[in-house]
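The values are calculated or read from the model by the stated rules, or taken from the named source; none is laboratory data. None of the values given here were measured: they were computed from a predicted structure. Here Cβ is always computed from backbone atoms with ideal geometry, including for glycine, and neighbour counts include all displayed protein chains. Note: accessible area is taken over every heavy atom of the protein model, side chains too, but ligands, DNA and RNA are not part of it. Shrake-Rupley method; radii C 1.70, N 1.55, O 1.52, S 1.80 Å.
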Amino acid sequence: MNSKEDKRIRLHDFEPGQDRFLAEVLSGLRKSQKELPSKYFYDEQGSCLFDRICTLDEYYIPRAEATIMETYIEEMVDLLGPSVLLIEYGSGSSAKTRILLDHLRELAAYVPIDICREQLLRATRGLVSAYSGLEVLPVCADYTCGFELPVPRRPSERKVVYFPGSTIGNFDPIPAKHFLEHIAGVCGPGGGLLTGVDLKKAPRVLHRAYNDRQGVTAAFNLNLLERINRELNCDFQLEWFEHYAFYNPREGRVEMHLVSLRDQTIHLDNVTIPFAKGESIWTESSYKFNLDEFEQMAAAAGFKVEHIWTDEQQWFSVQYLVNTEGAT
Ligand code: AVI
């Protein structure tokens, strides 16, 4: 960091260490259905690939969400009220957040939280120069684990967590409920959660979204193995694995896998891990919801759904949930 803006950036750094990365990779690859946590997609290269996915014709989510935000921003701002402390989980490039930063009244501060330090710092630099009066307090952390929130200079009326993009769908149902409970604790009684929730739709639309013609999603998926090779000194042969994504209607989720194209072994930290031809590593689930299903999960975590905005096709929703704890 060397520019004038960088000196004003105080990073709260809880970046997960390589020990935990190694432990989670090894434990996932030792299961009978091999798996890897999808949060590890987002190194510098993976974050760039994800940004490219968000520009693809087939990947409807960012377009639908942006249209909803642009159409209903005034209603959202009225509901959230003035002097909000805005906390974003998985802020990435913070590009989607700008519409809120542009419209929220007397914003107390903005806390972007992301696991990828480089992208977080890049985004913070951009925000600091674009919003001169705004206090930006970046936190580098795996937000599925505990970390301390920075304390802003200005007091706030309420805390609002922003969790766009339907990343909640990347959690299995029980961890999703626990995660919503954690957010309810962070925003406190009367605080809120503004979140994107992807809705159930025709499987062919989902199939296209996770199997784009340019192969960007495949590169995003395979980058996980490249990252493990690079950072953990492993020896995956990328050309011997293939991206495979499909909608599982019974479970209501898109599953992404990497399928081994031959019998092979890989070596990681003195452990040899065998792969049979056709065996897969499950790298991501992306759950799609009915409005009722999501409402029930939110209620079980202590949230009341205050408002739902959807696009014309009802493919995607943005929802404002309020922590009802302490309400009579
Ligand atoms: C970040 N998350 C909501 C994306 C999704 O759609 O589940 C990640 C992604 N995986 C493949 N394409 C996009």
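A few comments on the model shown:
- Glu65, Glu118, reordered so the largest accessible area comes first (probe 1.4 Å): Glu118, Glu65
- In this simple spin-label model, placing a label point 7 Å from the Cα along the Cα-to-Cβ direction at both Arg30 and Thr265 gives a separation of 1.7 nm.
- Extending 7 Å from Cα along the Cβ direction at Phe14 and again at Leu291 yields two label points whose distance is 3.5 nm.
- Ligands, DNA and RNA excluded, the heavy atoms of Thr67 present near 70 Å² of accessible surface to a 1.4 Å solvent probe.
- Under the Karplus curve 6.51 cos²θ - 1.76 cosθ + 1.60, θ = phi - 60°, whole-Hz ³J(HN,Hα) for segment 319-325, x wherever Gly or Pro sits: 10, 10, 10, 10, 6, 8, 4
- The value of relative contact order for segment 12-122, using C-alpha pairs under 8 Å at least six residues apart, is 26 percent.
- Computed extension length for Lys304-Leu101: 70.6 nm, one decimal, from 0.36 nm per residue of separation with the Cα-Cα distance subtracted.
- Where trypsin sites (Lys or Arg not before Pro) fall in DSSP loop in segment 13-70, at most 13 other Cβ within 10 Å: Arg30, Lys31
- Table column - 3J(HN,Hα) (Hz), segment 111-127, Karplus curve with 6.51, -1.76, 1.60, x for Gly and Pro: 10, x, 10, 8, 7, 9, 4, 4, 5, 4, 5, 4, 5, 5, 4, x, 6
- Charged neighbours of Arg98, selected by a Cβ distance under 12 Å, balance to -2 (K, R count +1; D, E count -1).
- The chain - share of DSSP beta bridges that are antiparallel (%, nearest 5): 60 percent
- Mean Cα-pair separation over length for the chain, i.e. relative contact order, pairs under 8 Å, 6 or more apart, %: 20 percent
- Choice from Leu193, Leu80, Leu149 with maximal GNM fluctuation in the chain (Cα, 10 Å cutoff): Leu149
- Each peptide among 300-306, 88-94 gets the average number of other Cβ atoms lying within 10 Å of its residues, and from highest to lowest they stand as 88-94, 300-306.
- Candidates Trp282, Trp240, Trp309: whichever shows maximal mean-square fluctuation once the chain is modelled as a Gaussian network with Cα springs under 10 Å: Trp240
- Spherically averaged projected area of the convex hull of Cα atoms, the chain: 17.1 nm².
- GluC sites (Glu not before Pro) lying in DSSP loop within segment 136-192, provided at most 16 other Cβ fall within 10 Å: Glu148, Glu157
- Residue with peak Gaussian network fluctuation, the chain [Cα springs, cutoff 10 Å], from Gly165, Gly133, Gly196: Gly133
- Sum of side-chain charges, Thr310 neighbourhood, beta-carbon under 12 Å (Lys, Arg +1; Asp, Glu -1): -3
- For segment 158-267, the list of trypsin sites (Lys or Arg not before Pro) that fall in a loop by DSSP and count at most 10 other C-beta atoms within 10 angstrom reads Arg213, Arg250.
- Residues in segment 188-209 reached by a label modelled at Thr324 [backbone nitrogen below 18 Å; 7 Å Cα→Cβ]: 188-195
- For segment 202-328: relative contact order, % (alpha-carbon pairs under 8 angstrom, 6 or more apart): 16 percent
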